[in-house]
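> Could you have a look at this structure, given as structure tokens, before my questions?
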Amino acid sequence: MIHTLVRDWMAQELSTAEPQTEIVEAYQLMLTDQIRRLPVVTANRLVGIVTLSDLYRVFDLLSNTEQTLSQKLEQMTVGEVMTPDPVTVAEDATVGEAAQKMLENKISGLPVVDPVGVNLVGIITESDIFRIVAQEWSTRRHGSIQLPRRST
């Protein structure tokens, strides 16, 4: 696992949003695709990330005001609630480096960027890293067993 690269385990087919995407649309996309985090891009450049937790926080805050929730949500965009300039990892970094960044920042996934650090090329999550650990453990215990990688 020490020399396993992020590019070999990251998801490359990604759902993304743009800053002007309505948060209702982003929420529906996350539910449909069964994802907890959505990279925010402009011309494939990573500009932020929005998570289900971010959206739930917004929904909770908005539910305590006079306007109806649906009226307020229709007016809000991903750019208003995203975390700008999120923590990232380079595709040529090791999985160990990615795991360390997740632990240090108390996050469960990292957008993966090209070696220049500009363009979004994938995402790696705690589930991906857990799959690697499980494969390593199985290999050491039972010989060569290949666990399935991410389906996307």
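> Assess whether Val112 counts as being closer than 19 Å to Val40 by Cβ, aliphatic (A, V, I, L, M), at pLDDT 95 or above and in a loop (DSSP other than H, G, I, E, B).
Considered against the rule, which asks whether it is closer than 19 Å to Val40 by Cβ, aliphatic (A, V, I, L, M), at pLDDT 95 or above and in a loop (DSSP other than H, G, I, E, B), Val112 comes out as no.
> Name the residue that is surrounded by the fewest Cβ atoms within 10 Å (Cβ to Cβ), counting only residues in the range 3-26 that are in contact with a helix residue (DSSP H, G or I) (Cβ under 6 Å, 6 or more places away or on another chain), of a type in the set (Val, Ile, Thr) and closer than 28 Å to Ile132 by Cβ.
The selected residue is Thr4.
> Please work out which one of (1) assigned to a loop (DSSP other than H, G, I, E, B); (2) of a type in the set (D, E, K, R); (3) out of contact with any Pro (no Cβ under 7 Å at 6 or more places or on another chain); (4) modelled with pLDDT of 95 or more is the condition Glu13 fails and give its number.
Unmet condition: (4).
> Would a scan of the range 9-17 turn up a residue that is more than 16 Å from the chain's Cα centre (by Cα), under 27 Å from Gly96 (Cβ atoms) and not aliphatic (A, V, I, L, M)?
no
> Any residue at all in the range 54-67 that is among the β-branched types (Val, Ile, Thr) and modelled with pLDDT of 90 or more?
No, the conditions are met nowhere in the range 54-67.
> Applying the selection to the range 115-124, what residues are out of contact with any Leu (no Cβ under 8 Å at 6 or more places or on another chain) and at pLDDT 95 or above?
Correct list: Val121 only.
> Of the residues that sit in the range 27-37 and are out of contact with any Leu (no Cβ under 6 Å at 6 or more places or on another chain) and either in contact (Cβ under 8 Å) with a residue 40 or more places away in the chain or in a loop (DSSP other than H, G, I, E, B) (or both), which one is surrounded by the fewest Cβ atoms within 10 Å (Cβ to Cβ)?
Of everything passing the filter in the range 27-37, Gln34 is surrounded by the fewest Cβ atoms within 10 Å (Cβ to Cβ).
The values are calculated or read from the model by the stated rules, or taken from the named source; none is laboratory data. None of the values given here were measured: they were computed from a predicted structure. Counting neighbours? That spans all protein chains shown, and the Cβs are built from the backbone with ideal geometry, glycine included.
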